[in-house]
């Protein structure tokens with residue numbers, strides 16, 4: 001991230017191809033003491049030029065724009081500087097919730113849905129400021145958080161909170177918490193695509209439709225005729241697919 005102003009305010013660039021959307025965002029930003037809008041752009045090409053010229057700390061970036069869209073802008077920024085500390089933080093602002101996985105693959109700070117509420121943007125700004133800390137500036141090669149549609153916004157879920165992932169066609173169902181606190185969320189993402197981004201030291205796929213967090217597995221059970229099941233901490237048993245059985249057994253040292 002570029003150096004902040006002396007007063008700690010984030011120098012901010014607004015990027016949106018809709019003039020009214022830019023105006024609305026300017027009004028919201030004017031209410032936030034942590035932001036100083038230094039420019040606006042109405043397409044991806046102009047955004048890249050202004051980022052080069054102004055070196056903003058933060059870019060409020062629309063996702064869908066003609067020619068160069070928001071994802072492409074973020075990719076070009078990442079390609080230009082692999083170090084997150086040397087490029088502006090990006091908060092995507094969009095009317096669409098189905099780009100969240102791609103956005104966070106590009107190390108976006110947050111993903112705010114339109115119409116933007118002031119308090120929601122404030123929370124995103126707090127995350128951008130938190131990124132300044134050295135502890136958060138070092139990113140892992142594995143996915144550390146997921147963002148799922150929840151009511152009128154996207155909810156942040158730390159990957160370590162997820163105990164089980166089930167495939168449901170083009171979606172996955174994330175199981176979070178246990179007992180009375182257990183809840184599930186649907187995410188538009190294939191289980192195969194998600195598996196590639198999960199740390200294999202923490203998660204293991206036991207079936208074409210199921211991924212488990214390793215520390216939720218209590219043991220393995222042989223059901224006869226070559227059929228094996230995983231026993232979970234809550235006593236539930238899940239069958240292991242034959243394709244995945246060797247890897248699961250290897251996890252148990254068998």
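Mind listing whichever residues of segment 197-254 are assigned to a helix (DSSP H, G or I) and farther than 13 Å from residue 164 by Cβ? The answer is 197, 242, 243, 244, 245, 246, 247, 248, 249, 250, 251.
Give segment 167-196 a look and list any residue that's in a strand (DSSP E or B) and touching a helix residue (DSSP H, G or I) at 6+ places or on another chain (Cβ under 8 Å), or say none.
Those that are in a strand (DSSP E or B) and touching a helix residue (DSSP H, G or I) at 6+ places or on another chain (Cβ under 8 Å): 167, 172, 176, 187, 188.
You will find that of 213, 131, 127, the residue that is in the same structural domain as residue 232 (by TED's automatic domain parsing) and on the phi < 0 side of the Ramachandran plot is 213 and no other. In the set (1) touching a strand residue (DSSP E or B) at 6+ places or on another chain (Cβ under 9 Å); (2) closer than 20 Å to residue 155 by Cβ; (3) at pLDDT 90 or above, residue 212 fails one condition alone, (2).
Can you tell me which residue within segment 147-159, out of those that are surrounded by 15 or more Cβ atoms within 10 Å (Cβ to Cβ) and in a strand (DSSP E or B), is modelled with the highest pLDDT? If we take residues in segment 147-159 being surrounded by 15 or more Cβ atoms within 10 Å (Cβ to Cβ) and in a strand (DSSP E or B), then 157 is modelled with the highest pLDDT.
If you go through segment 224-234 and keep only what is in contact (Cβ under 8 Å) with a residue 12 or more places away in the chain and either under 20 Å from residue 146 (Cβ atoms) or surrounded by fewer than 19 Cβ atoms within 10 Å (Cβ to Cβ) (or both), you end up with 226, 227, 231, 232, 233, 234. Just wondering, is there one or more residues in segment 15-27 that are out of contact with any helix residue (DSSP H, G or I) (no Cβ under 8 Å at 6 or more places or on another chain), under 18 Å from residue 123 (Cβ atoms) and buried (at least 19 other Cβ atoms within 10 Å of the Cβ)? So far as segment 15-27 goes, yes, one or more of its residues are out of contact with any helix residue (DSSP H, G or I) (no Cβ under 8 Å at 6 or more places or on another chain), under 18 Å from residue 123 (Cβ atoms) and buried (at least 19 other Cβ atoms within 10 Å of the Cβ).
Kindly indicate whether residue 214 is farther than 25 Å from residue 97 by Cα and touching a residue at least 12 places away in the same chain (Cβ under 8 Å).
It is true that residue 214 is farther than 25 Å from residue 97 by Cα and touching a residue at least 12 places away in the same chain (Cβ under 8 Å).
Tell me, please, whether a residue that is surrounded by fewer than 17 Cβ atoms within 10 Å (Cβ to Cβ), within 22 Å of residue 100 (Cα to Cα) and under 15 Å from the mean Cα position of the chain (by Cα) can be found in segment 160-178. Looking for residues that are surrounded by fewer than 17 Cβ atoms within 10 Å (Cβ to Cβ), within 22 Å of residue 100 (Cα to Cα) and under 15 Å from the mean Cα position of the chain (by Cα), one finds at least one in segment 160-178, hence yes.
The values are calculated or read from the model by the stated rules, or taken from the named source; none is laboratory data. Given the structure is predicted, the values throughout are model-derived calculations rather than measurements. For neighbour counting, all protein chains shown are included, and Cβ atoms are generated from backbone atoms with ideal geometry for every residue, glycine included.
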